[in-house]
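The values are calculated or read from the model by the stated rules, or taken from the named source; none is laboratory data. Everything quoted here is computed from the prediction, not taken from an experiment. Positions of Cβ are backbone-derived with ideal geometry, glycine not excepted, and every protein chain shown enters the neighbour counts.
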Amino acid sequence: MITNFIFFTSFNKDRGEKVYYADQIRKYDRRGNISHRDIIITERTLYFIATEKIPNGPNKGKLTKVIKRSKGLGSISEIVMR
């Protein structure tokens, strides 16, 4: 959890946006497999972030955070959390 805190604070500084909400979620695919994602809601954008292995290069095989999808909050009508 501390690595996520470090990631979120650096995310805030890099993007220049205030983070309103950040949490870890579970995404289920059609076969029922679970992949863990992070969700970040800033003042302008909603981000879905996944952890992936680097495929090649000097850091091959290491895990890194990757933005899978980002969506402007102006195009979202509501967010429901259960």
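Here is how the numbers come out for the structure above:
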item	result
Count - residues of the stretch 37-61 that are in a loop (DSSP other than H, G, I, E, B) and of a type outside the set (Val, Ile, Thr)	9
Cross-chain or 6+ apart pairs with Cβ under 6 Å, the stretch 64-82 first and more than 13 Å from Ile39 (Cα to Cα), then polar (S, T, N, Q) and at pLDDT 85 or above	Gly72/Thr45
Scope the stretch 62-76; condition basic (Lys, Arg) and either closer than 16 Å to Ile25 by Cα or part of a strand (DSSP E or B) (or both); matching residues	Lys65, Lys68, Arg69, Lys71
